[in-house]
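Colleague: Sharing a structure with you now.
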Amino acid sequence: MKPFPENTWYAVYRTAALRRRPVTVERLGRRIVLWRTGGGVHAAPAQCPHRGADLGAGRVHGDCLTCPYHGIRFAADGTAVHRPAVGNDDDIPARAGLTRIPAAEAHGYIWVWQGSGTPGTGPAWFEGEEPTTLVGADQVWDVHYSRFMESALDFHHVPFVHGVYTPGIGRELTDVELVEQGDRISMSARLGRGGSRRSLAVAGEVIMPCAMRVRIGSTSFEAVGTPVDARRTWVAANYHPSFTRHIPGLRKLEAWIAMFVDFKLFQRQDRAVFEGLDPAPSPLERMNLMPADAGVELWIRRWRGMLAEASPGDEVPAGPTAGAVPGPAPEEVPA
Ligand code: FES
Ligand SMILES: [Fe+2]
């Protein structure tokens, strides 16, 4: 069984963080070098095919990536074009080149195509304004990727995990609506108190396998979660101004405040909980889910479906019937 869905795009780095120098990142169970030339962004396994040096420690010269160990130069298509130790009269074999990984730059991130299939159209994103990536943040969390992503549609943790920043927020999740469309799952609901007419609208959308948008009241954020390996997840978000987008001096300040509040305060609290979760991927059969968990359950089902596609013939952990959109049973609809 493949550890994560295949034949799909994964965000692996923030666009704004990749500048002139190449970088090596650990994602999807391997080390990947990313570099930028005038022709765009490129990705390949990080180990130099000569003697295994880390290409992320190299340099970009013109349109070429240069290995730091013996100076072999690779063109953007991966071809080895110069081996200094051989000189100019060099008939370079094709095997001296890099095996490129399909890469794309879109929506504030650098993405790589994971899988043996032909890369599909570029990575999907949420409707609305494109992120301006004025301020971004990312971290590696010690949590299984599925546990991070399934939580995108969990809203009833907010009054407990984030209660210190959300005083007075209701604990009861009502009006749950769940929609599954292609690679997208959307959920909306209200957090309120029994007997009170005041409640807060919450909503989330997930694009399988790694992007999420969450809205709580009037604030919203988008984030990505990509497997580092079978145990860790790269968590990243870009922040853009909502209120001051046309005021140059304040745009960056507002984006920074949004980053601080979400990533440094709220997500820090999430991280503390996530890193204490069962490290197993989504043990659906051992979780006593509630109607409020409808979005979580659907994410897990979809994820399992994608794993089954990635490893046809392998046994997929048993779960509820796949395909149907789960929701609260009529008699269980919260009041
Ligand atoms: S290891 Fe890269 S050029 Fe030798
Ligand atoms: Fe949270």
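The values are calculated or read from the model by the stated rules, or taken from the named source; none is laboratory data. No experiment lies behind these values; they were computed from the predicted model shown. In this analysis, Cβ positions are derived from the backbone assuming ideal geometry, glycine residues included, and neighbour counts consider all displayed protein chains.
Colleague: I want to confirm something. Restricting to segment 265-291 and keeping residues that are closer than 22 Å to His162 by Cα and of a type in the set (Asp, Glu), which single residue is surrounded by the fewest Cβ atoms within 10 Å (Cβ to Cβ)?
Modeller: Among residues in segment 265-291 that are closer than 22 Å to His162 by Cα and of a type in the set (Asp, Glu), the one surrounded by the fewest Cβ atoms within 10 Å (Cβ to Cβ) is Asp278.
Colleague: Here are Phe263, Phe243: which of them is in a helix (DSSP H, G or I) and aromatic (Phe, Trp, Tyr)?
Modeller: Phe263
Colleague: Could we say that Asp90 is out of contact with any Phe, Trp or Tyr (no Cβ under 6 Å at 6 or more places or on another chain) and either aromatic (Phe, Trp, Tyr) or part of a loop (DSSP other than H, G, I, E, B) (or both) here?
Modeller: yes
Colleague: Only one of these is within 16 Å of ligand 1 (Cβ to nearest atom) and modelled with pLDDT under 95: Pro131, Pro119, Pro93, Pro68. Name it.
Modeller: After ruling out the rest, the residue left standing is Pro93.
Colleague: Are any of the residues in segment 30-37 surrounded by fewer than 23 Cβ atoms within 10 Å (Cβ to Cβ) and not in a strand (DSSP E or B)?
Modeller: no
Colleague: Name the pairs whose Cβ atoms lie under 7 Å apart, with the first residue in segment 262-284 and more than 10 Å from ligand 2 (Cβ to nearest atom), the second hydroxyl-bearing (Ser, Thr, Tyr), and 6 or more positions between them or separate chains?
Modeller: Between residues of segment 262-284 that are more than 10 Å from ligand 2 (Cβ to nearest atom) and residues that are hydroxyl-bearing (Ser, Thr, Tyr), the close pairs are Leu265/Tyr165; Pro281/Ser146; Ser282/Ser146.
Colleague: Just checking, how many residues over segment 62-80 are within 30 Å of Ala230 (Cβ to Cβ) and free of Cβ contacts under 8 Å to residues at least 24 places away in the same chain?
Modeller: Of the residues in segment 62-80, 3 are within 30 Å of Ala230 (Cβ to Cβ) and free of Cβ contacts under 8 Å to residues at least 24 places away in the same chain.
Colleague: Check whether at least one residue in segment 146-169 is assigned to a loop (DSSP other than H, G, I, E, B), within 16 Å of ligand 1 (Cβ to nearest atom) and touching a helix residue (DSSP H, G or I) at 6+ places or on another chain (Cβ under 6 Å), and report yes or no.
Modeller: no
Colleague: In segment 170-209, which residues are more than 23 Å from Glu309 (Cβ to Cβ) and in a loop (DSSP other than H, G, I, E, B)?
Modeller: Matches in segment 170-209: Gly170, Arg171, Arg193, Gly194, Gly195, Ser196, Arg197, Arg198.
Colleague: Next question, about the same structure. Can you tell me which residues in segment 140-165 are touching a Gly at 6+ places or on another chain (Cβ under 9 Å), more than 26 Å from Glu127 (Cα to Cα) and within 11 Å of ligand 2 (Cβ to nearest atom)?
Modeller: Once the filter is applied, which keeps residues that are touching a Gly at 6+ places or on another chain (Cβ under 9 Å), more than 26 Å from Glu127 (Cα to Cα) and within 11 Å of ligand 2 (Cβ to nearest atom), segment 140-165 yields only Pro159.
Colleague: Next question, about the same structure. Among the residues of segment 71-87, write down those that are touching a Cys at 6+ places or on another chain (Cβ under 8 Å), away from ligand 1 (no atom under 11 Å from the Cβ) and assigned to a loop (DSSP other than H, G, I, E, B).
Modeller: Ala75, Ala76
Colleague: Six or more apart or on different chains, Cβ under 9 Å: which pairs go from a residue in segment 50-61 that's free of Cβ contacts under 8 Å to residues at least 12 places away in the same chain and part of a loop (DSSP other than H, G, I, E, B) to one that's within 12 Å of ligand 1 (Cβ to nearest atom) and of a type outside the set (Val, Ile, Thr)? Could you list them?
Modeller: Correct list of pairs: Gly52/Tyr69.
Colleague: Right, something else. Restricted to segment 172-206, and to residues that are among the basic types (Lys, Arg) and exposed (fewer than 14 other Cβ atoms within 10 Å of the Cβ), which residue is nearest to the chain's Cα centre (by Cα)?
Modeller: This residue is Arg198.
Colleague: List the residue pairs whose Cβ atoms are under 7 Å apart, where the first residue sits in segment 190-204 and is in the same structural domain as Gly217 (by TED's automatic domain parsing), the second is outside any strand (DSSP E or B) and among the β-branched types (Val, Ile, Thr), and the two are 6 or more positions apart or on different chains.
Modeller: Pairs found: Leu191/Val158; Leu191/Ile169; Leu200/Ile169.
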